[in-house]
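The values are calculated or read from the model by the stated rules, or taken from the named source; none is laboratory data. Since this is a predicted model, take the numbers as computed values, not measurements. Neighbour counts run over all protein chains shown; Cβ positions are idealised from the backbone, glycine included. Side chains included, ligands, DNA and RNA excluded: accessible areas come from the protein's heavy atoms. Shrake-Rupley method; radii C 1.70, N 1.55, O 1.52, S 1.80 Å.
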Amino acid sequence: IPQSIEPIYFGATCWPDPQAAWWPMDPAFDELPYETIYRFGHRVHLIGKIGAKGLQMEKMFAVNKMDSSIEISYTIHNKSSVVQKTGIWELIRVNGGLSFFPGRRRDIFPASNLAGTENRKGICWYTYTSSAIHGDQKLFSSGDQGWTAHVDGDLIFIKSYPSIPQYLIAPNQGEVEIFTNGRYVELETHGRYTTLKPGHSVQYRVKWFLRKLPEGIKAVSGNSQLVKYVHNLLHLTNENINIKSNDYAG
């Protein structure tokens, strides 16, 4: 989303988690400019300022010409002299549309109040409807196959990420979260919650895909053709989907 819709937290970003430990967010992670360490061709390497509590965010972006994706590597460094506990939390802000991903509610997650969601055959669907939004609303879920998708008009955005067991997620967070406040939708995922000794780091890698949705595939909740399209793009078969589901049942 543009800055005209959200003047501070626009576009996409990455924060330390859990939210309760780091909110309000240190400007070093989002608002302040990053220094360019390296930029050549289709690669960009950035480093942020050291935050008030001693954490520093590093980001690397690269275009993969083989599959027309953007590969992103986030790293949090503990530059302080004390042990820190944190994970990496990516937030992608988009216009209202249709969001979907493989996941389920778990008892260990906070209660969800996001209106317009349904789960069909292990796929969570969220249809944005502005009239159903009154204040902030959020969904907390597992992320069983390591991907989320969002359709807006004739474009489909797909993100793949390393799925992890639920007990490794930061307290009071979900591996996948969807947030809306009536102005935009946030697609969020959390990496491994880690204890960082001074000088240590934690990394989180994701891939972004943007495609034009093929004609004949309707962007409606529960459409299995959308799921099949994502599976084909990510080369997911029934066999490796089952392996992921078994490994990350939590």
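Of the accessible area of the chain, computed with a 1.4 Å probe over protein heavy atoms only, carbon and sulfur atoms account for 53 percent. Just checking the listed ones, 107, 144, 154: in the Gaussian network model of the chain with Cα springs under 10 Å, the one fluctuating most is 107. Springs between Cα atoms under 10 Å define the GNM used for the chain, and in it the highest mean-square fluctuation of 13, 180, 148 occurs at 13. Comparing 28, 204, 143 along the charge dipole axis of the chain, the residue lying farthest to the positive side is 204, per the Cβ-charge model. Placing +1 on the Cβ of every Lys and Arg and -1 on the Cβ of every Asp and Glu, with nothing else charged, gives the chain a dipole about its Cα centre of roughly 380 debye. Using just its DSSP H runs of length 4 or more, each adding -39500 (n - 2.57), the chain gives a mean residue ellipticity at 222 nm of -2500 deg cm²/dmol after division by all residues.
Solvent exposure of the chain amounts to 50 Å² per residue of accessible area, where only protein heavy atoms count and the probe is 1.4 Å. I'd like the orientation of helix 224-233 relative to the chain: the angle between its Cα long axis and the longest Cα principal axis, in ° from 0 to 90, rounded to 10. Result, in degrees: 50.
Using only Cα atoms, tell me the angle between helix 238-247 and the longest principal axis of the chain; keep it within 0 to 90° and round to the nearest 10. It works out to around 50 degrees. Here the average projected area of the convex hull drawn through the C-alpha atoms of the range 95-250 stands at 10.0 nm².
Taking 26 Å as the straight-line reach from the Cα of residue 197, the lysines in range (excluding those fewer than 8 positions away in the same chain) are 49, 53, 59, 79, 85. For a straight C-alpha distance cut-off of 25 angstrom, the lysines reachable from residue 228 (same-chain residues fewer than eight places away being disregarded) are 65, 121, 159, 207, 212, 218, 244.
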